[in-house]
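**Student:** Could you have a look at this structure, given as structure tokens, before my questions?
The values are calculated or read from the model by the stated rules, or taken from the named source; none is laboratory data. Nothing here was measured: the structure is a model prediction, and the numbers come from that model. When we count neighbours, we look across all protein chains shown, and the Cβ atoms used for this are built from the backbone with ideal geometry, even at glycine. Accessible surface areas use protein heavy atoms only, side chains included; no ligands, DNA or RNA. Shrake-Rupley method; radii C 1.70, N 1.55, O 1.52, S 1.80 Å.
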Amino acid sequence: MQRYFVAPGQFAGAGVTLTGDDARHLGTVMRAKPGDVFIACDGAGREAQVRIETIEPGKIAGTVLQWIDTGSEMAWRVTVAQSLPKGDKLETVIQKGTEAGAAAFLPFTSRRTIVQYDERKEGKRLERWRKIAKEAAEQAHRAVIPEVAPVCSWQQLLRSMKDYDLTLLCYEEEGRGGTGLKQVLSAFRERSPSVANPRVLVVVGPEGGFDPQEAEQAAAAGAAAVGLGRRILRTETAALVALACIAYESGEMGG
């Protein structure tokens, strides 16, 4: 059954309106007809089975048959802060990170960021990143579209760390015999058992890793530096490994 995100305002009582590219895809590509059923999500956690009533160019109107509770979101709300990598690697992080359950993405620049940040291109890139998150959320049968924030600076990221219950700095130096991710996650669960839906920030550096001074600054801001194993991971791989570990530790995998 096809799944589409619609703006919250397009749910009006028992009525739903699908517009734009999604309406064209459902009506033209999928050749839907009145009476067919699709899944509509508002991007904030609500989704419903919808029966198509009318089809017009660029617009499909339907009626809610039943509301659905899929429980597809992670219990731990994980934001991935990713230093801007080269090429289209951030697109990979957003796509695969959305599939893995990330709640939000926060791109940033740091000392060893190679990419030259161009504010003039920011709007188009942000629009593309958000479209990738939307399409990945649909593919993964999620009811929430992860937020993709505008690019921020390292100093701005440091100031935001206080807003999270746990901040993890993925630091390759810790992978060489230092503190592992499992240790930090287990310790957090033990000391914060009453936090039902903790907000977690996973911070990943650029291709060249973090500068030692940045690691010190993050620690001063409350971040825990963690290793992700004994191997050096690519920047676009680190967040996915961290998300998988968090999903396991939070109980999403069962047990």
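**Student:** From the phi of every residue in the range 56-70, what ³J(HN,Hα) in whole Hz does the Karplus formula 6.51 cos²θ - 1.76 cosθ + 1.60 yield, where θ is phi - 60° and glycine or proline is x?
**Tutor:** 10, x, x, 8, 10, 10, x, 10, 5, 8, 6, 8, 10, 10, 8
**Student:** May I ask you to order 45-57, 73-85 by the average number of other C-beta atoms within 10 Å around their residues, highest value first?
**Tutor:** 73-85, 45-57
**Student:** Using only the Cα atoms of the range 81-169, build the gyration tensor, take square roots of its eigenvalues as a ≥ b ≥ c, and label the shape rounded, prolate or oblate: rounded if a/c is under 1.5, else prolate if a/b is larger than b/c, else oblate.
**Tutor:** oblate
**Student:** Mind ordering 238-246, 138-146, 24-32 by average Cβ neighbours within 10 Å, highest first?
**Tutor:** Peptide ranking by packing, descending: 238-246, 138-146, 24-32.
**Student:** For the range 126-255, just say rounded, prolate or oblate: build the C-alpha gyration tensor, square-root its eigenvalues into a ≥ b ≥ c, call rounded for a/c under 1.5, and beyond that prolate if a/b exceeds b/c, oblate if not.
**Tutor:** rounded
**Student:** Something else about it: Would you mind getting the accessible area per residue of the chain, heavy atoms of the protein chains only, 1.4 Å probe, in Å²?
**Tutor:** Accessible area per residue, the chain: 51 Å².
**Student:** Among rounded, prolate and oblate, which fits the range 186-255 when a ≥ b ≥ c are the square roots of the eigenvalues of its C-alpha gyration tensor, a/c under 1.5 means rounded, and a/b larger than b/c means prolate?
**Tutor:** oblate
**Student:** Then there's this: Between A12 and A187, 0.36 nm times their residue separation minus their Cα-Cα distance comes to what?
**Tutor:** 58.5 nm
**Student:** S72 label point, 7 Å along Cα→Cβ, cut-off 14 Å on backbone N: hits in the range 11-51?
**Tutor:** 38-50
**Student:** Oh, and also: If each DSSP helix of 4+ residues adds -39,500 (n - 2.57) and the sum is divided by the residues in the chain, what number results at 222 nm, nearest 500 deg cm²/dmol?
**Tutor:** -9000 deg cm²/dmol
**Student:** Roll a 1.4 angstrom probe over the protein heavy atoms and tell me the percent of accessible area of the range 195-255 that is carbon or sulfur.
**Tutor:** Within the range 195-255, the accessible surface is 51 percent carbon and sulfur.
**Student:** I'd like to compare 95-103, 34-42: which one has the highest average count of other Cβ atoms within 10 Å, and what's the full order after that?
**Tutor:** Order by mean packing, descending: 95-103, 34-42.
**Student:** Within the accessible area of the range 38-149, what % is carbon and sulfur when the probe is 1.4 Å and the other protein chains stay in place?
**Tutor:** That share works out to 46 percent.
**Student:** Determine ³J(HN,Hα), in whole Hz, for all residues of the range 82-88 in sequence, where each value follows from phi through the Karplus function 6.51 cos²θ - 1.76 cosθ + 1.60 and θ = phi - 60°; x replaces Gly and Pro.
**Tutor:** For the range 82-88, the Karplus curve yields 10, 5, 3, x, 6, x, 9 Hz.
**Student:** How much length would be gained if the chain were fully extended between A220 and Q155, taking 0.36 nm per residue of separation minus their Cα-Cα distance, in nm to one decimal?
**Tutor:** 22.2 nm
**Student:** What's the tally of Lys pairs in the chain whose alpha-carbon atoms lie under 18 angstrom apart, where the two lysines are 8 or more places apart or on different chains?
**Tutor:** Here the count comes out as 12.
**Student:** Along the charge dipole of the range 1-135, which of Y4, V93, Q49 sits closest to the positive end, that is, farthest toward it, with unit charges on the beta carbon of Lys, Arg, Asp and Glu (+1, +1, -1, -1)?
**Tutor:** V93
**Student:** Rounded to the nearest 5, what % of the DSSP beta bridges within the chain are antiparallel ones?
**Tutor:** Taking every DSSP beta bridge with both residues in the chain, the antiparallel ones total about 45 percent.
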